[in-house]
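The values are calculated or read from the model by the stated rules, or taken from the named source; none is laboratory data. Computed from a predicted structure; not experimentally measured. Cβ placement follows ideal geometry from the backbone for every residue including glycine, while neighbour counts extend to all protein chains displayed.
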Amino acid sequence: MRLSAHYNKASIVISVSVLLISGIVYYLIINHIARQQLDADLSEEVAEVIDYVNQNHHLPRQVDFDEDITTFVKTNVSSFATRFFDTPYNSPREKKAEAGRAVSALIKVNGQPYLVTIVESRENTEYLIQIISAITLALTAVLLCIMVVTNRFVLNGLWKPFYHILQQVKRFNVADTAKIDTVASSVDEFKDLSDAVAKMSSRVTTEYQGLKTFTENASHEMMTPLAVITSKLDMLIQDEKLSPDQFAQITDIYSAAGRLSRLNQSLLLLVKIDNNLLNDTEKLNLKTIILDKAQQFNEMVHNKNITLDYQLVDLEISASRYLVDVLINNLFSNAIRHNKNDGRIEIRLTGNLMCFQNTGDSAPLDQNAIFERFYKGRLSDGTGLGLAIMKNICTLYNFDISYRFNQGMHCFLVKFS
Amino acid sequence: MKLLLIEDEQSLRETIEKYFTEEGSICETCSDRKTAIQKIAVYNYDCILLDIGLPDGDGFSILDYLKSTGRNECVLIISARNSLDDKIKGLNLGADDYITKPFHLAELKARLIAIFRRKSFDSNNTLIYNEIAIDLLGRTVTVNDKIMVLTRKEYDMLLYFIANKGKVVSKNAIAEHLWGDDMDMLDSFDFIYTHIKNLRKKLVELSGKDFFATIYGVGYKFA
């Protein structure tokens, strides 16, 4: 539930209950005041009756009391406490029962006690209370409407900067150099939030860029010492007085230096892909590239006596030629390197799918780990970066790369968007 | 061939100088941009080996200088950066080739000789080494006036070995030359063996001479 809905719910519950309670209290108070007013009127009338009796020494006639109904009953009671009570009031004109208020009191006319009862209609006060209730209800309804509308429009408007910030945070990508823009808002909290998010994202981006620059520089700096090692070795083998054993050691140093150099180049390539530095996108025909690569790998395929089987359709993609070259290259060299003698490689290119399948180890690879950097199979002697590079190339172009193990075949599937 | 090597890394400079100094070749060296420009201003060179990352400013300015003074030296750029932009920039400024560190000396020499040949033998496209004659344009090889049919890789290898004649060339260097370093195939040494065996056989058949010497599993020497 959104914040505004929570807020709406709380404010409606609170205001409705406050209004209801205050309505009841209001009703009770007005009722009480009206009743006191009526009782005061009735007391006054009783006093008038007593005055009249004192002056005229007989009971007043009915007509002397305008709308009120007055009855005199002879009684023997010598003392009676004046009491007020609710009773139906039978309007003489409208011939129907209404709510009324009555007073009973004891008066003495020429020594004879009479119980006088005066009933007054409560119609007017009832009417007043109804009007007041109606106004209260109407006010409540209007207030509720206003609150809902306010919440919906004003509050949502107020929260807009927040949602804008949220959207940007969701879209945030460290590798992306696009900055999170600050939001102009009159709300201090949102301004603070926006500033904080912008600062945090730029700090994260800067640190990430710094890390990448570091990787790049470190890799570049290693190239010169590597060049020294390689060239010194090249010089060293010119000395034909060296023993076979020394030559064997030199061969090992050569291959270690070669591996280090390839590792470095792979790291650099990863940094370049991450930084999107190879943005020479062009339209490429995958079929042509695969056939070219097959030609290049021909010797290796024949050497292991591998059967190569293609089903290729013309498929055009937009990407950097260099990166697609690396991608196909890695797919091919993995399919050959991890293959067995007299094995098979099947390459399919259909619709928007490219599939490289090869025979090899009879156990499937760990699907979750193979695309991690420096993950290596048991028998692999590569850099451990080949698949990570492929994954990064695919991510860069929104291609989907996945691995499947199907009937003894290791299958790498690339789905083009 | 007169060569100028501009490289700030001392041990690399010494090694390259030693490898390139031989009969008929002189290799001069310097380690910064200032000395390099002084030398270029005074002397003529056939080829210049230029490291792009110099302590006193990048090597591109030396290319600018060469271009502005209308010089025609072959320039081979050495760079620690395998960057396409740098490569394009260098080639646009008049460099003839670009090699990335780390490299094998044999590769460096083969590249340098290739660009030198391209520039200096405009009229005569035939390369002669003893009884072997190579038509560089037609990519045909004759030995004792008999045509020798070679595959593309064998032809590349022959040129590579002639450029590095008299030197021991490691199998790693040959593999990198033939397949490039992104080809990272460990069993490529077997292929080198096969290719060399075939080339050797063809040469022996036509010339009656074995040009190749095997050096203890580390490499080969062509002489």
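Okay, here's what the table says:
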item	result
Breaking point among (1) of a type in the set (Gly, Ala, Ser); (2) surrounded by fewer than 19 Cβ atoms within 10 Å (Cβ to Cβ); (3) part of a loop (DSSP other than H, G, I, E, B); (4) at pLDDT 90 or above, for B:GLY57	(4)
Residue match in segment B:206-214 (condition: part of a loop (DSSP other than H, G, I, E, B), farther than 30 Å from A:HIS338 by Cα, at pLDDT 90 or above and of a type in the set (Phe, Trp, Tyr))	yes
Single condition A:GLU126 does not satisfy, out of (1) part of a loop (DSSP other than H, G, I, E, B); (2) assigned by TED's automatic domain parsing to the domain that holds A:ILE33	(1)
Exclusive hit being among the aliphatic types (A, V, I, L, M), surrounded by fewer than 18 Cβ atoms within 10 Å (Cβ to Cβ) and in contact (Cβ under 8 Å) with a residue 12 or more places away in the chain, set B:LEU136, B:LEU84, B:LEU158	B:LEU136
Scan of segment B:16-33 for residues that are in a helix (DSSP H, G or I) and in contact with an Asp or Glu (Cβ under 6 Å, 6 or more places away or on another chain), ordered by number	B:ARG33
Among the residues listed as A:SER231, A:SER219, A:SER201, A:SER243, the single one being over 36 Å from the mean Cα position of the chain (by Cα), more than 7 Å from chain B (Cβ to nearest Cβ), buried (at least 17 other Cβ atoms within 10 Å of the Cβ) and not charged (D, E, K, R)	A:SER219
Residues satisfying the stated conditions in segment A:267-303, i.e. more than 9 Å from chain B (Cβ to nearest Cβ), within 51 Å of the chain's Cα centre (by Cα), within 30 Å of A:GLU346 (Cβ to Cβ) and assigned to a helix (DSSP H, G or I)	A:LEU270, A:ILE273, A:LEU286, A:LYS287, A:THR288, A:ILE289, A:ILE290, A:LEU291, A:ASP292, A:LYS293, A:ALA294
Any hit, segment B:166-178, residues being within 14 Å of another protein chain (Cβ to nearest Cβ) and free of Cβ contacts under 8 Å to residues at least 40 places away in the same chain	yes
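A quick yes/no check of all residues on (1) surrounded by fewer than 12 Cβ atoms within 10 Å (Cβ to Cβ); (2) modelled with pLDDT of 80 or more; (3) among the basic types (Lys, Arg); (4) not assigned by TED's automatic domain parsing to the domain that holds A:ILE29:
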| residue | (1), (2), (3), (4) |
| --- | --- |
| A:PHE65 | no, no, no, no |
| A:PHE72 | no, yes, no, no |
| A:ALA81 | yes, yes, no, no |
| A:PHE84 | no, yes, no, no |
| A:ALA102 | no, yes, no, no |
| A:ILE132 | no, yes, no, no |
| A:ILE146 | yes, yes, no, yes |
| A:ASN151 | no, no, no, yes |
| A:LEU155 | no, no, no, yes |
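Matching residues to (1) surrounded by 13 or more Cβ atoms within 10 Å (Cβ to Cβ); (2) part of a strand (DSSP E or B); (3) small (Gly, Ala, Ser):
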| residue | (1), (2), (3) |
| --- | --- |
| A:ASN305 | no, no, no |
| A:TYR310 | yes, yes, no |
| A:ASP314 | no, no, no |
| A:LEU323 | yes, no, no |
| A:ILE328 | yes, no, no |
| A:LEU331 | yes, no, no |
| A:ILE336 | yes, no, no |
| A:ASP361 | yes, no, no |
